[in-house]
1. Could you give P(r) for the stretch 20-156, binned at 5 Å from zero, as whole percent values over all Cα-Cα pairs?
2. Restricting things to alpha carbons, tell me how big the stretch 64-139 is in terms of Rg and Dmax, in Å.
3. Of the candidates 336, 15, 287, which one comes out as most mobile in a Gaussian network treatment of the chain with C-alpha springs shorter than 10 Å?
4. Working from Cα positions, state the angle (0 to 90°, nearest 10) between the long axis of helix 133-147 and the longest principal axis of the chain.
5. Just to confirm the number: angle between the C-alpha axis of helix 268-281 and the first principal axis of the chain, 0 to 90 degrees, nearest 10?
6. For the stretch 67-345, what is the convex hull volume of its Cα atoms per residue in Å³?
7. Check residue 212: other-chain or 5+ apart residues with amide H under 5 Å from its amide H, H built from backbone geometry?
8. Taking the Cα centre as origin and putting +1 on Lys and Arg beta-carbons and -1 on Asp and Glu beta-carbons, what dipole magnitude results for the chain, to the nearest 20 debye?
Amino acid sequence: MTTRLHIKDQVGEPLERWLEAHGQKAFRLKQIEQWLYQHWATDFAEMRNLSTELRSELENDFTCNSVTQTECLKGAGDTRKYLLTLEDGETIETVLIRSARRETVCVSTQVGCPVQCAFCASGRGGLVRNLTSAEIVDQVFHVCRDIGRKITNVVVMGIGEPLLNLTNLIKALEQLCDSRYFGLGARRVTISTSGIVPGIQKLADMRQQWKLALSLHATRDELRAQFIPRRYRYSLEQVLDACADYREATGRMVTLEYALIAGRNDSRRDATELAEISRRLDAKINLIALNPISDALARPTDDDVKRFCRQLEDHNGRVTVRLSRGEDIQGACGQLRHHRKRKEADVRCSSEP
Ligand code: SF4
């Protein structure tokens, strides 16, 4: 059996050559691309202005959708968390976050995550595999189809460390941002990283208008070491220098994501140092109370969040307190997938002789 290629991995020249080899006129390429990127087609049968013969030849050689919905949990403000199944049976999470002016899709870039931060469900079990660019794009299109319109923003903050799957991510974002394809403004894309220095440098060299968010969570190397295992941990100085280069190269403000963890990174000293980093990078701080995945790390009280916020402001830190959206729907990144896997394992164990 031959494995069919995903057509979104073949758009542009490869597809043009395929059409030529199948005796098709050049304008068919544009028609197919319109179906894929503007109508979010998941089946060649939907492409009604193509001949039946061409549709069936496409069907023979390609697939045009790589995700199917296994579960969709709806939370406050019509936040939606999707558990999507890939063609090989692996699962990922995609989230729709709604506000008055925006419909933002948070996409995953890997199945599992090799970084394995202490506070994150996505890293439990490590990396299974990278997502293809088509699998990243298809998450966005799945949400567009679900809500019946084009979304306004994409944040790359789901399962996985985006900068450890950079080639596929860049290809996906180029397709999403290209006006010939999906046409999302580059400034409407945010990429979040735990601090993968070579990846930040590569993005800086590209000088795209994508926004960078650094998941900081600790202002000193010894504290960071408690949250991020050694393998993918760069020194804080290297990370901050790379972020400064990104700011310089792109002119775009970097955001510092800071998950407040009770008794671990919420002292006055932490606030002072965090404000200092934000001033140094001219960066905005997004403060969020930890959404705990175990008893080892706890969520601070609302009063502690307010106190930390005041301390940041006293030191001229620019801070926004983010609501933990979707807490009612297993909001922490990777939790839904993790629970589902555990349930499946329990079922397997109880059915074993
Ligand atoms: S926080 Fe990000 S980098 Fe760390 S384990 Fe979770 S997904 Fe991976």
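1. The percentages, shortest bin first, are 2, 9, 17, 19, 17, 14, 10, 7, 4, 2, 0, 0.
2. When restricted to Cα atoms, the stretch 64-139 yields Rg and Dmax of 13.1, 37 Å.
3. 15
4. 90
5. 50
6. Working: hull volume 35.0 nm³, N = 279.
Dividing the Cα hull volume of the stretch 67-345 by its residues yields 126 Å³.
7. Those lying under 5 Å, H to H, from residue 212 are 191, 255.
8. Working: 52 positive and 48 negative charges, 165 e Å.
In debye, rounded to 20, the chain gives about 800.
Bear in mind these aren't lab numbers, they're just calculated from the coordinates by the rules spelled out. If you're wondering where the values come from, they're calculated on a predicted model, not measured in any experiment. Note that each Cβ is placed from the backbone with ideal geometry, even for glycine, and that neighbours are counted across all protein chains shown.
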